[in-house]
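No value in this document is a laboratory result; all are computed from the given coordinates. Quick caveat: nothing in here was measured; it's all calculated off a predicted structure. Using ideal geometry, Cβ is built from the backbone for each residue, glycine included, and neighbour counts are taken over all protein chains shown.
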Amino acid sequence: MDTTADRMAAAYFDAIEFLCGVTPTGWYAERGTARAAVTGAGVATLNAAYDTEPEPDRESLDEMATEVGGRGVPWSIMVRGEAGGEIADLAARHGLAERSDLWLLACATGDVVFRADAARRKPVRQVGATESDLYTEALTQGFEAPEGVFGSLMGGGVLDAGPVTGYLAEEYGRPTGTGLGIRGPGVVGVFNIAVVPDARSRGLGRAITETVLLDGVAAGAGEAYLHTSAMGRPLYESMGFRPVEKWTVFEAR
């Protein structure tokens, strides 16, 4: 059955496969419906063994987990839906005992509630590969992550790659936020929405997200998707996004 969850999950998986192909330390493999995607960043969810179907192929997922787990980076196992005991046992065998939920949200672009006016979106501009270091620095500060955790994730030619558009918000000449759009056929994925701590609660996250979506619409996107933290979910739901599927993530404690 071709549901919204199926379409948006497929678009996300295509985006991650593409990202692994263009980021400098990326690696990707497939076995059955299972996948192994490694970006090389120091973030577990950016190096993952996962299955593209709601009912995982456990044997293939196990093989992909062995591959990703041997890459020497923080990593995770991700599955669509509520993982049963067999998947939890599989993850535990690989040393991944910390379990969490990850929500996939989606919205028809015609239903997006745009509230930021053009003046509020003015500080948001597109950036290319020549500014990847500046972008990565702002991304790191926005997520309050340790320095260097994203490594070369946004390096090389990532920000110049065809379906990828990077966004940087600046106030008084200082980077204050980031965003990333990855387009697929008829869809745009929203990634990397982050605002530095002292620039929050002023609508900047909304302005960046709206800019990503407006550019996606201009490129022909009729649907949009994203994953969200608990902190970001109220913002996205106020824009018209709705949860379409809960995923389960296993990481090391």
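Among 219, 65, 37, flag the residue with its Cα farthest along the positive direction of the charge dipole of the chain, charges on Cβ as +1 for Lys/Arg and -1 for Asp/Glu. Value: 219.
The calculated 222 nm mean residue ellipticity attributable to helices in the chain amounts to -9000 deg cm²/dmol, summing -39500 (n - 2.57) over DSSP H runs of n ≥ 4 and dividing by all residues.
In nanometres, what is the gap between the two model label sites at residue 246 and residue 117, each 7 Å from Cα along Cα-to-Cβ? Modelled inter-label distance: 4.1 nm.
Between residue 89 and residue 33, the modelled label-to-label distance comes to 2.0 nm, taking each label 7 Å out from Cα in the direction of the beta carbon.
From a point 7 Å beyond the Cα of residue 2 in the direction of its Cβ, which residues of region 180-222 have a backbone N at a distance under 15 Å? Residues passing the 15 Å test: 185-187, 222. Where the alpha-carbon atoms of region 10-138 are placed on the principal axes, they occupy 52, 35, 26 Å, in descending order. Distance from a point 7 Å along Cα→Cβ of residue 238 to each backbone N in region 190-224: keep the residues under 20 Å and list them by number. 190-214, by backbone N distance to the label point. Report the per residue volume, in Å³, of the convex hull enclosing the C-alpha atoms of region 169-208. It comes to 68 Å³ per residue, whole-number rounded.
Using alpha carbons only, how many degrees (0 to 90, rounded to 10) separate the axis of helix 58-69 from the longest principal axis of the chain? Once rounded, the angle reads 60 degrees.
Cβ-Cβ distance of residue 229 and residue 53, R₀ of 35 Å, FRET efficiency by 1/(1 + (r/R0)^6): the value works out to about 0.90.
Rounded to the nearest 20, the Cβ-based charge dipole of region 82-178 about its Cα centre (Lys and Arg +1, Asp and Glu -1) stands at 400 debye. Here the average projected area of the convex hull drawn through the C-alpha atoms of region 110-208 stands at 6.8 nm². Toward the positive end of the charge dipole of region 1-110, with +1 on the Cβ of Lys and Arg and -1 on the Cβ of Asp and Glu, the farthest Cα among 77, 109, 19 is that of 19. Here each label is just a point 7 Å from Cα along the line to Cβ, and for residue 17 and residue 172 those points are 4.7 nm apart.
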